[in-house]
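Only the coordinates and a few stated rules stand behind these numbers; no lab work does. Not measured: the values here are computed from a predicted model. Note: ideal-geometry Cβ built from the backbone for every residue, glycine included; neighbour counts use all protein chains shown.
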């Protein structure tokens, strides 16, 4: 029952999160409010706050251990998580992080961003997703509830990457098409990640 409840909560969160990222939601917001200055910041704050009930459900629903990696391998995995967190931060800082969060829009009119292909973006097209996935999957103690959320989050990210690829191709055209041909999607060196 815990698995079903968590998957349902993730599905509801994913549908709402995806809708709010859509052009339709943005157009409705623009129509009602008139300005998009607060949209990105509000979207990010809402996404974070609305995920908290899922984390809460993970802790209160009946649970059981699926696996626990013994020492010293758990320390190796923790080191991998630490490295993933550092590289996630580096990748975030290689973007226009103020715009990503929604703070720049409070002071300047939002404009189309530049295609980032330097730094970690030379290795994979979506390092934020790569290192987020690495971080969660390098957890050395995994319960039924956390495994359910990890699988659900992974599926959501993979579906999100598909739609984000389409959006980036529309936004950047041939420049993104060329970038896709030379850079894997999520896993460095993985040929079928290139298009």
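Some points to look at:
- Acute angle (nearest 10 degrees) that the helix 39-60 long axis makes with the longest principal axis of the chain, alpha-carbon atoms: 10
- The length gained by stretching the chain between residue 18 and residue 111 to full extension, at 0.36 nm per residue less their Cα-Cα distance, is 31.3 nm.
- Inter-site label distance for residue 42 and residue 82 at 7 Å from Cα along Cβ, in nm: 4.1
- P(r) for region 1-148, from all Cα pairs and a bin width of 10 Å, is 10, 27, 34, 22, 7, 1 %, short bins first.
- Between helix 23-33 and the chain there is an angle of about 60 degrees, using the helix long axis and the longest principal axis of the Cα atoms.
- Annotation for residue 92 and residue 32: the two label points, set 7 Å from Cα along the Cα-Cβ direction, are 2.8 nm apart.
- Rg to Rh quotient for region 86-195, alpha carbon positions, Kirkwood Rh: 1.00
- The ranking of 154, 130, 183 by Cβ neighbour count inside 10 Å, starting from the fewest, reads 154, 183, 130.
- Residues 27, 37, ranked from the fewest to the most other C-beta atoms within 10 Å, line up as 27, 37.
- Taken as Cα centroids, region 87-102 and region 130-195 sit 17 Å apart, rounded to the nearest whole angstrom.
- Modelled FRET efficiency - R0 30 Å, residue 67 with residue 5, Cβ distances, 0.05 increments: 0.85
- A helix-only calculation puts the chain at -22000 deg cm²/dmol for mean residue ellipticity at 222 nm, using -39500 (n - 2.57) for each DSSP H run of at least four residues, averaged over all residues.
- Residues in region 171-189 reached by a label modelled at residue 99 [backbone nitrogen below 13 Å; 7 Å Cα→Cβ]: 171-172
- With Cα atoms, 0 to 90° folded angle of helix 73-93 axis to the chain main axis: 10
- Largest mean-square fluctuation among 64, 81, 144, in a Gaussian network model of the chain whose springs join Cα atoms under 10 Å apart, belongs to 64.
- The gain in end-to-end length when the residue 170 to residue 59 segment is fully stretched comes to 35.9 nm, 0.36 nm per residue minus the alpha carbon separation.
- Relative exposure of 17, 126, judged by other C-beta atoms within 10 Å (fewest first): 17, 126
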